[in-house]
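Below: the structure, in structure tokens.
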Amino acid sequence: MSAATRDHLVEAVFERVEDVRAVVEAALESGVAASQVEVRSPAPLEVGELPLPKPKSRVLLFALAGAVLGGLTAFGLAAGTALAYPLPTGGMSIVAGPPVGVVTYEGTALGLIVMTVLRVLWEGGLLPGRAIRSGRGRASELDHHVANGRLLLRFHDLTEKRAVRLRDWSRASAVEVG
Amino acid sequence: MTRWGMAIDLDRCTGCEACVVACAAENNIQTVGEEQAREGRAMHWLRIERYYEGEFPNVRTRFMPVLCQQCGAAPCEPVCPVYATYRNPEGLNAMVYSRCIGTRFCANNCPYTVRVFNWFDAEFPAPLDSQLNPDVSVRPGGVMEKCTFCVQRIQAGKDEAAQEDRAVADGDVKTACQQSCPTKAIAFGDLDDPDSEVSRWAESPRAFSLLGDLDTRPGVVYLSGSEWREPAE
Amino acid sequence: MTDRPQASTKALDGELLGRLDRRRPGLFVGSLASGALVLVFLYCWGYQIANGIGVTGINRPVFWGFYIINFVFWIGISHAGTLISAILRVTKAEWRRPVTRSAEAITLFALAIGGLFPLIHLGRVTIFYYMIPYPNSRMLWPNFRSPLVWDIAAITTYIIGSALYLFLPLIPDAAVMRDRAAAGLKKRFYAVLALGWRGTAQQWHSLEWGIRILAVAIIPVAVSVHTIVSWDFAMTQTPGWKSTIFGPYFVVGAIFSGIAVLMIAMALLRRGLALERFLTDRVFNNLGLLFVTMSLVWGYFTFAEHLTVWYSGDLFEKNVHHVLLHGDFAVPFWTMIVVNLVIPVAVLSFARGRRPLPTALVGCGVLVGMWLERFLIVVPALSTPRLAYSIGDYLPSWVELGIMIGAVGVFACLYFTFTQLLPIVSVWEMREGWRHAGSGGESGRTSEAAPASPAASPAPGGGAA
């Protein structure tokens with residue numbers, strides 16, 4: 001296989017974030033792109049703990065969109081169908097304000113909650129149709145280290161030469177080169 | 001438009017309960033038996049409330065027939081989640097048995113406590129089954145029911161008038177309780193027709209609505225010459 | 001944390017994971033025992049469906065009985081988790097970390113049971129779906145003016161919201177269980193739950209956003225749910241029910257009874273699973289303070305509710321008020337005041353009272369008291385209708401009692417099973433807390449973690465070494 005083929009993967013396990021940072025910094029300096037670096041942690045890391053670009057999330061946007069969607073649906077359900085099914089009860093108007101308000105309120109909340117969760121799962125690649133089967137985000141032999149509280153550093157799409165060099169630098173507690 | 005209403009003259013009521021029996025016979029009301037009745041599960045759509053005044057031996061009994069008041073703004077209607085009870089165009093507080101799922105919310109919100117519930121499936125052991133009124137459905141267990149103002153008789157009256165190509169006249173429709181009252185204490189008819197008997201009774205200075213301050217706008221009017229006091233206990 | 005986590009993070013982490021691996025026969029026995037009660041529940045409900053709702057003790061005028069009382073009671077308990085956990089998350093209370101999971105699980109299971117009771121209560125449960133708005137050939141549609149339909153909307157939202165709010169922070173822990181499990185059925189089960197969670201920066205970032213939004217969103221939902229439950233009563237004309245204070249009163253009562261269950265559950269978990277290092281005294285102290293606050297707020301609302309009724313002089317309202325305070329219901333009423341107000345204030349005002357055992361005992365009393373409160377809302381008002389001729393009485397039948405006890409079994413069974421299968425203390429949130437506490441001069445490195453020699457192995461698809 002040609003030495004320039006970018007199909008190599010280096011995985012390393014660390015105890016401390018500082019060590020991960022040192023390796024990532026060195027790797028970036030040596031020309032590895034930030035998009036080739038993946039860190040798996042047992043708990044969320046603080047922003048800026050690693051010299052990597054901050055991940056982006058549109059969960060809030062989708063939550064608000066879900067709220068609008070849910071609210072409109074519930075409003076249509078409560079007010080619209082009352083008009084389509086006009087039976088007078090208790091001397092109240094057919095479309096009575098407070099009941100429509102209550103149902104709309106709940107619909108808004110439901111839309112917001114469901115959309116929030118769907119978007120979180122989508123962004124994390126956790127939805128059934130979106131499961132990651134290869135490369136980045138794929139299951140690793142070393143995942144159990146993360147489960148036990150260590151950090152897993154992965155470099156993707158490396159050339160063989162770089163892979164070997166990274167392996168020698170990393171000085172991690174367990175390293176796997178693929 | 002017709003607005004069915006009833007007027008009950010309490011000064012004429014003797015508390016004989018003929019109306020209660022007539023109502024049960026007309027409307028296929030199930031007989032629950034002694035034990036269930038003791039548990040508060042008697043099913044009469046119409047009851048005679050008895051109140052006693054004075055100290056023994058100078059006691060006076062007052063009678064008040066209480067049935068569904070067919071309220072214009074009925075508290076029972078909006079609380080039903082499935083529209084099993086609603087206000088129909090002729091002023092009746094209609095009850096749709098097949099829709100009822102038995103939340104019993106309507107009964108809790110009835111200030112007159114006139115709604116009754118089928119705790120079990122109705123049983124009409126022979127020979128009771130042969131006296132069932134074919135114009136009235138037998139209600140299954142788990143549904144609410146109450147006075148309908150003998151809606152089957154209203155329907156029959158309207159059909160008859162339609163066949164004779166005329167409007168329903170006052171007195172065409174008689175409810176079972178009205179028909180059976182020996183002292184003629186009950187009037188029934190169209191409250192929107194100012195000449196009907198019930199309208200004339202309702203205009204009486206003796207007329208009042210039961211729990212009138214709730215503004216449920218009942219379709220039943222009571223008449224009493226003496227001041228009718230709601231008993232406290 | 002009182003345990004100086006900087007010094008022992010690694011040890012604590014190991015201990016927490018050790019708890020997950022340990023077999024817990026007690027929980028298994030608990031599941032079985034409560035499973036027996038589930039059978040009681042099912043038998044009684046089946047008996048009622050087969051024979052008719054008349055097998056209960058309800059009658060005219062007391063059309064609502066134990067089922068509605070238990071409905072309100074369980075919905076109240078469900079406010080333990082989601083609401084408390086959300087408030088603690090939003091306020092970033094660090095001591096929440098060991099509490100949230102167990103609280104959220106209480107919510108979900110209590111809500112599932114609470115949501116069943118209105119169905120059990122129906123006269124014709126086989127057509128309960130008439131209440132659900134969906135196009136159908138019967139041309140039936142629910143009446144949105146009914147508070148019961150609001151209930152459906154609110155409880156649906158709340159149960160979906162609570163389930164997701166429990167599930168979302170559970171995903172990383174399911175991944176922990178998956179990656180620690182040996183290959184087999186167990187691993188596959190956790191793999192399904194973990195949805196392919198790897199702990200990447202993007203996943204954590206999105207998850208944190210999601211939890212933040214859900215925590216904010218679930219608070220108004222929780223408030224609305226118990227408000228709407230109160231409106232099942234307060235929207236009526238019934239003396240004793242028609243009250244503007246019922247909305248907030250019910251919400252306060254719900255949180256109060258919710259904390260009671262939480263206190264009991266946490267004391268049991270702490271002891272049963274030896275979680276003293278995680279459910280610390282400080283957690284109990286803080287929850288105890290919240291508990292006594294809710295007791296006082298509840299007492300205030302109760303006083304306000306009865307004062308206005310008493311002063312108004314409204315004849316019908318006073319009839320209900322009278323049977324409550326002096327009449328047939330005086331014994332349960334004053335019992336409720338003692339266990340809900342007098343005892344909690346007397347015990348929890350003192351630091352020594354805010355320890356696991358006393359708080360759990362006070363919690364048991366409050367559970368009884370809050371159940372009585374719901375009983376005293378439902379039954380006296382109905383048995384004292386406006387027209388005195390219809391004054392009634394109510395005694396539950398064995399079917400109602402069986403279902404009530406069975407429901408406790410259903411709850412316990414679900415909770416035991418959950419505790420058995422999944423980490424009842426959130427692993428990743430504890431780790432995050434330790435990181436926060438120990439950030440800076442971290443010294444969690446042990447000799448075992450010294451640089452190891454690179455172990456190279458070829459992976460499929462890669463042309464290595």
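Could you work out the mean count of beta carbons from other protein chains within 10 Å of each residue's beta carbon in C:129-138? Rounded to a whole number, the mean comes out at 2. Full extension of the segment from C:Asp21 to C:Ala330, taken as 0.36 nm per residue of separation minus the current Cα-Cα distance, would add 106.1 nm. Note: relative contact order over segment B:1-78, using C-alpha pairs below 8 Å and six or more positions apart, is 27 percent. Two tests apply to each whole DSSP H helix in chain C, Cα reach of 30 Å or more along its axis and mean Kyte-Doolittle hydropathy of at least -1.0, and the ones passing both are C:25-51, C:100-121, C:201-234, C:246-272, C:281-312, C:356-383, C:398-421.
As a rough guide to protection, the peptides B:46-59, C:191-204 ranked by mean Cβ packing within 10 Å, highest first, stand as C:191-204, B:46-59. Between B:Arg166 and C:Asn51, the FRET efficiency estimated from the beta carbon spacing at R0 = 35 angstrom works out to 0.10. Shown in residue order for segment A:38-51 are the 3J(HN,Hα) couplings computed by the Karplus curve 6.51 cos²θ - 1.76 cosθ + 1.60 at θ = phi - 60°: 9, 10, 10, 10, x, 8, x, 8, 6, 4, x, 6, 10, x Hz (x for Gly and Pro). Between C:Ser312 and C:Ala274, full extension at 0.36 nm per residue minus the direct alpha carbon distance yields a gain of 8.3 nm.
Averaged over its residues, how many other protein chain Cβ atoms are within 10 Å of peptide A:34-46's Cβ atoms? Partner Cβ neighbours, averaged per residue: 6. Within segment C:35-63, what residues put their amide N at less than 15 Å from the label point 7 Å along the Cα-to-Cβ vector of C:Ile405? Only C:35-45 pass the distance filter.
Need one word for segment C:239-346: rounded, prolate or oblate. Basis is the Cα gyration tensor (sqrt eigenvalues a ≥ b ≥ c); a/c below 1.5 gives rounded, then a/b vs b/c decides. It is prolate, given that a/c is not under 1.5 and a/b is the larger ratio. Place +1 on the Cβ of every Lys and Arg and -1 on the Cβ of every Asp and Glu in chain C, take the dipole about the Cα centre, and give the residue among C:Leu315, C:Leu275, C:Phe246 whose Cα lies farthest towards its positive end. Sorting the options by dipole projection puts first C:Leu275. The mean sequence distance of close C-alpha pairs (under 8 Å, at least 6 residues apart), as a share of the length of segment B:1-135, puts its relative contact order at 25 percent.
In this rough spin-label picture, where each label sits 7 Å from Cα along the Cβ direction, the C:Phe303-B:Asp11 distance is 5.3 nm. For the residues of B:33-46, the average number of beta carbons from a partner chain within 10 Å of their own beta carbon is 2. Is the C-alpha gyration tensor of chain C telling us rounded, prolate or oblate? Criteria: a/c under 1.5 is rounded; beyond that, a/b larger than b/c is prolate, otherwise oblate. It comes out prolate by the Cα gyration axes.
Computed packing ranks the peptides C:179-188, B:125-134, A:83-92, C:368-377 as C:368-377, A:83-92, C:179-188, B:125-134, most packed first, by mean other Cβ atoms within 10 Å.
For segment C:397-438, backbone nitrogen atoms closer than 15 Å to the point 7 Å from C:Phe189 Cα along Cα-to-C-beta are found at C:414-424.
In this simple spin-label model, placing a label point 7 Å from the Cα along the Cα-to-Cβ direction at both A:Ala26 and C:Glu94 gives a separation of 3.4 nm.
Mark the label point 7 Å from the Cα of B:Ser98 along Cα→Cβ and return the residues of segment C:138-156 whose backbone N is within less than 12 Å of it. Residues passing the 12 Å test: C:138-140.
Given R0 = 25 Å, the distance between the Cβ atoms of B:Ala126 and B:Val21 translates into a calculated FRET efficiency of 0.80.
Shape verdict for chain B, please, from the Cα gyration tensor: rounded (a/c under 1.5), prolate (a/b greater than b/c) or oblate. In terms of gyration-tensor shape, rounded. When peptides A:114-121, C:334-341 are ranked by their average number of other Cβ atoms within 10 Å per residue, the highest-first order is A:114-121, C:334-341.
Note on C:Leu296 and C:Leu32: the extension gain reaches 91.2 nm, defined as 0.36 nm multiplied by sequence separation minus the Cα-Cα distance.
Expressed to the nearest 5 percent, the antiparallel share of DSSP beta bridges inside the protein assembly as shown is 90 percent.
Given R0 = 41 Å, the distance between the Cβ atoms of C:Val368 and B:Glu197 translates into a calculated FRET efficiency of 0.10. Here, the protein assembly as shown yields an orientationally averaged convex hull projection of 43.6 nm² when only Cα atoms define the hull. Remark: spin-label model distance C:Ser349-B:Thr31 equals 6.4 nm, labels positioned 7 Å along the Cα→Cβ axis.
Throughout, read-outs are computed from the coordinates displayed, never taken from laboratory work. Remember, it's a predicted structure, so these values are computed and weren't measured experimentally. Glycine also receives a Cβ, built like all others from the backbone with ideal geometry; neighbour counts cover every protein chain displayed.
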